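The values are calculated or read from the model by the stated rules, or taken from the named source; none is laboratory data. All figures in this text were calculated on a predicted structure; none of them were measured in a lab. Here the Cβ is made from the backbone with ideal geometry for all residues, glycine too, and neighbour counts use every protein chain on show. What goes into the accessible areas is simple: the full protein's heavy atoms, side chains included, and nothing from ligands, DNA or RNA. Shrake-Rupley method; radii C 1.70, N 1.55, O 1.52, S 1.80 Å.
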Amino acid sequence: MEKRIAILPGDGVGKEVSKGAVTILQAVAELFGHKFHCVYGEIGGAAIDEYGTPLPEHTLELCKTSDAVLLGAVGGPKWDRMPGHIRPEKGLLKIRKELGLYANVRPVQYYSSISDVSPLRKEVVEGADMVVVRELTGGLYFGKPSERTFQKGEASVVDTLFYQKKEIERVIRYAFELATTRKGKVTSVDKANVLESSRMWRETAEEIAREYPDVRLEHMLVDNAAMQLIKNPRQFDVIVTENMFGDILSDEASVLTGSLGMLPSASVSTKGPSLYEPIHGSAPDIAGTNAANPIAMILSAAMMLRMSFGLLEEAEAVENAVKQVLESGSRTRDIALLGNFPVTTEQMADEIKAALLDNEAIFNIMGAYA
Ligand code: NAD
């Protein structure tokens, strides 16, 4: 298989973890006989510094002409005082809109080998395995007007929560489809006791549910969902929710694994390449120290192999290599225990690569005897 992958490292640790993911992709290509052409583009603060805009046209073009996009992270204190329209995060919002990335899919998997770093008790979190599906192109983050005004002599501000029904339908339908391949349960999260937009969301979920008689639908208010996620995370299979609720809940769900550095995501497109990125940000507090955990980024690359290229065996090989390295006791600083010596970003990626190569060697030997 031959594929073109747009790599957008972005800012801060985005640059460091992207290198780790490319190391793993090259190893996969070598082992399984594929060709991955990695082409690089700037986004976020790096693009502002060089081109004065967080998403230059040529970066967008690079993405549109690739089979998939792998993104590190954007942002950092250097650009925090920029005017709203040229903040690094605007680059992220624009690329989502331009590529039609309507659903952000965030699997939350618990690794028993690092259960000691989860702030939750093992008996609460053991066996938790859910996917948060977040709507990505509507809601408060895109609605207009979004501005400061001066009304009745007072400084005022407005943000707008706007959805078209078809935007709600497609993301909820995606969640139902996903649930048919998992445990068959969708939890639709809203704030229907207060918001009109949530009441429309809830009605739409009910309508879609009629198309999927084998999937169980439950509704949950977002405040309750925030509590249930840490009280009884095993109850969830697929959670689907609007943009801002999903942003917050999926970060909360990362607590189950013990670190933001463990969670990958996929943003699914309606029309072009899908985009894969870790859920964490640019982590300015540790950027440049070779201390970031590259696992979220490497698992995002595994999601790309599975979802965009249909390379199921390859994706599983990467995921197994990650599990194996964690089981061996290797940990970056965010998941290390007090007194244990952590590995660097590069060392973690190299160990995962070594485990991948080793698994393949074993696989080949087994194949030869089969
Ligand atoms: P963050 O995710 O960057 O960091 C939160 C905490 O998690 C920090 O303590 C950080 O050190 C740690 N962390 C994050 N990723 C890690 C990794 N791979 N390994 C180890 N530890 C890791 O969130 P923040 O501090 O709120 O935001 C920092 C910047 O990132 C801001 O400019 C924000 O706008 C941006 N941001 C970007 C994205 C994105 O690009 N998708 C997402 C969230 C935040």
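Whether any residue in region 39-48 is touching a strand residue (DSSP E or B) at 6+ places or on another chain (Cβ under 6 Å), more than 26 Å from Ser250 (Cβ to Cβ) and among the aliphatic types (A, V, I, L, M) is what I want to check. So that I can check it myself, show each step before the final result.
If we filter region 39-48 for residues that are touching a strand residue (DSSP E or B) at 6+ places or on another chain (Cβ under 6 Å), which is where we start, we get 39-41, 43-44.
Of the ones still in play, those that are also more than 26 Å from Ser250 (Cβ to Cβ) are 39-40.
Within this subset, residues satisfying the condition of being among the aliphatic types (A, V, I, L, M) are 39.
Yes, that holds for at least one residue.
Annotation: of all residues in region 95-124 being within 13 Å of the ligand (Cβ to nearest atom) and within 30 Å of Asp49 (Cα to Cα), the one that is surrounded by the fewest Cβ atoms within 10 Å (Cβ to Cβ) is Arg96.
When residues in region 63-94 are screened for being of a type outside the set (Phe, Trp, Tyr) and more than 21 Å from the chain's Cα centre (by Cα), 10 of them pass.
Could you pull out the residue among Met297, Met303 that is within 9 Å of the ligand (Cβ to nearest atom) and either in the same structural domain as Glu203 (by TED's automatic domain parsing) or outside any loop (DSSP other than H, G, I, E, B) (or both)?
Numbers: Met303 fails: within 9 Å of the ligand (Cβ to nearest atom).
Residue meeting the stated conditions: Met297.
Across region 56-89, the number of residues qualifying as more than 18 Å from His37 (Cβ to Cβ) and either within 15 Å of the ligand (Cβ to nearest atom) or open to solvent by 10 Å² or more (accessible area, probe 1.4 Å) (or both) comes to 19. Within region 262-281, being open to solvent by 10 Å² or more (accessible area, probe 1.4 Å) and near the ligand (Cβ under 10 Å from one of its atoms) holds for Glu277, Ile279, His280, Gly281. Taking the conditions (1) touching a residue at least 60 places away in the same chain (Cβ under 8 Å); (2) outside the structural domain of Ala283 (by TED's automatic domain parsing); (3) open to solvent by less than 10 Å² (accessible area, probe 1.4 Å) in turn, Met244 satisfies each one other than (3).
Residue check: Asp190 meets all listed conditions (1) farther than 25 Å from Leu217 by Cα; (2) surrounded by 13 or more Cβ atoms within 10 Å (Cβ to Cβ) but one, namely (1). Among the residues of region 1-33, the ones that are more than 16 Å from the ligand (Cβ to nearest atom) and open to solvent by 30 Å² or more (accessible area, probe 1.4 Å) come to 9 in all.
Screening Ala47 against (1) over 19 Å from the mean Cα position of the chain (by Cα); (2) open to solvent by 20 Å² or more (accessible area, probe 1.4 Å) leaves a single unmet condition, (2).
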